[in-house]
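So the structure is just underneath, and the comments pick up after that.
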Amino acid sequence: VLELLRGVQRGSEDRKISLSRLRRALQNKETQQKFVRLNGSIRTLIGLFTGSLADMQMEAARCLHELSHSSDPAVAEACLPVTSYLLTYLLGHSVEFTELCLYTLGNLVVESEAVRKQLLPQGIIPVLASCIQSPHEAVLEGLGYVLSQLLQAKEAPAEIIPLVLDSVLPQHILQLVCSGLKAATGAAVEFAWCLHYIVCSHTADAALLSLGALPALTSLLLNLASEIPQNTPEGLELLICPVLRCLSNLLAEETGCEGQIQDERLLIALFLILQCFLQQHPFIVQECLWLLNNLTADEPFFCSALLSLDLLPALLQLLPCSQMASVLVLTVLCNIAEKGPAYCQQLHWQPALPLLLTTLTLPDPEVVGQCLELLHLLFLHWPEAAADFTRQGGHQALEQLQSTPELQERARALLDMIRQPLGPSTFSPCHATLSAF
């Protein structure tokens, strides 16, 4: 390592060869650690990185990029002197060079709080805001990577997101995700996750809502669902996931948002996405159900639409998918049942009771507990469901649950309701919107 550094420092004709060999050597973790401990090593790279020889400048940039891959915070902190130059070179250079600087910055940001704290006063947010208008996909993807790493930092809610909100970044990110980058490109995915991290801070909702985030993201989801072909492009789930999460979080944090997006096509889009990704990417099922829960938690419109569009059978088919899917399906059904007798009557007409009886035999207390809550709402608002439940052997299933400590009180309350269908309830209110998934 020392010999390679000396070869670079000597300034001989084979300096570029030494620099190229050094770049390959820096792909090794131990070499990275040894290199930064050598006196003058980073200073030498900075000298070449800021020099006038374009080929040497690019090779030095590649060396710094290799160093930035290190998971050792000491290596990242050794690169602190180069951060201001990296920011300077984001504007006005070649696409390849700008892209390299962006990914180097993003890698350094991940590993070192010291790097993040140095970049903020150096003006990284205004610089990124200038770069976001670049016409080059590669630059936008690199920019999205840097920003997503910054937004995931532990100090982001207090120190980084307020700076982002005071810039033009949220507006441009929303525009790029929702209009210019509908395909599952790397840039679209990066910016969609950036939007998600901003929403998750719970301080940006008003700003994003004022920018029209709800209708824009809803329109994007409708477009994505309508364009899903038989063979879904690889990576589309990586774009759909943060879009679903953004919508869910916005609905969870702002009451009345459901009224802003009263469009039953959103339900159709959700079920098309569910059908498309059920087998290969089951995690999308949970994301769709989380959004469906937040849509139906308070607003009767989506509960009515789900029933009128005859989507209930498709929802019931998702019960056995996974533990989380079961809880969310049952929670959505609770949201519907909570709306009163007419809704419970329609739930009863569907083949729900046999599925609920099967659910009561599962070993998971959380799933069974949510099933009991749904049964309580059905029996309370539609006593005929209680009679039907008893005829199908539900009484025995409830009696068996009395031996489970965390379920016995609710099982006993349901047994009392079966005997006296309109009796008082000891149940807690149904789950509201879920803001953390």
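Which of the residues that make up segment 183-214 are open to solvent by less than 10 Å² (accessible area, probe 1.4 Å) and either among the polar types (S, T, N, Q) or not in a helix (DSSP H, G or I) (or both)?
Ala204
Listed here are the residues, each with its yes/no results for (1) among the hydrophobic types (A, V, I, L, M, F, W, C); (2) surrounded by 12 or more Cβ atoms within 10 Å (Cβ to Cβ).
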site	(1), (2)
Leu4	yes, yes
Lys16	no, yes
Leu26	yes, yes
Gly40	no, no
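Does Leu270 satisfy being open to solvent by less than 10 Å² (accessible area, probe 1.4 Å), within 27 Å of Ala158 (Cβ to Cβ), touching a Leu at 6+ places or on another chain (Cβ under 8 Å) and part of a helix (DSSP H, G or I)?
Criteria not met by Leu270.
Give Glu287, Glu237 a once-over and let me know the one that is open to solvent by 10 Å² or more (accessible area, probe 1.4 Å), part of a helix (DSSP H, G or I) and charged (D, E, K, R).
Answer to the selection: Glu237.
Against the condition modelled with pLDDT of 90 or more, farther than 25 Å from Glu113 by Cβ, surrounded by fewer than 21 Cβ atoms within 10 Å (Cβ to Cβ) and among the hydroxyl-bearing types (Ser, Thr, Tyr), how does Thr50 come out, does it pass?
In short, yes.
Looking at segment 158-182, which of the residues that are at pLDDT 90 or above and not in a helix (DSSP H, G or I) is least open to solvent (accessible area, probe 1.4 Å)?
Within segment 158-182, the match that is least open to solvent (accessible area, probe 1.4 Å) is Ser167.
I'm trying to understand the selection: among the residues of segment 88-104, which are farther than 18 Å from Pro135 by Cβ and open to solvent by less than 10 Å² (accessible area, probe 1.4 Å)?
Answer for segment 88-104, where residues must be farther than 18 Å from Pro135 by Cβ and open to solvent by less than 10 Å² (accessible area, probe 1.4 Å): just Thr104.
So which pairs qualify, if the first residue must be in segment 202-231 and among the small types (Gly, Ala, Ser), the second must be buried (at least 16 other Cβ atoms within 10 Å of the Cβ) and part of a loop (DSSP other than H, G, I, E, B), the Cβ gap must be under 9 Å, and the two must be at least 6 apart or on different chains?
Pairs found: Ala206/Glu254.
Among the helices (runs of 4 or more DSSP H) confined wholly to segment 300-398, which include 1 or more residues that are open to solvent by 50 Å² or more (accessible area, probe 1.4 Å) and under 30 Å from Gln280 (Cβ atoms)?
Hits in segment 300-398: 323-337, 352-359, 365-381.
The values are calculated or read from the model by the stated rules, or taken from the named source; none is laboratory data. Small disclaimer: the values here were computed from a predicted structure and weren't measured. Note that each Cβ is placed from the backbone with ideal geometry, even for glycine, and that neighbours are counted across all protein chains shown. In case anyone asks, the SASA skips ligands and DNA or RNA and just uses the protein heavy atoms, side chains included. Shrake-Rupley method; radii C 1.70, N 1.55, O 1.52, S 1.80 Å.
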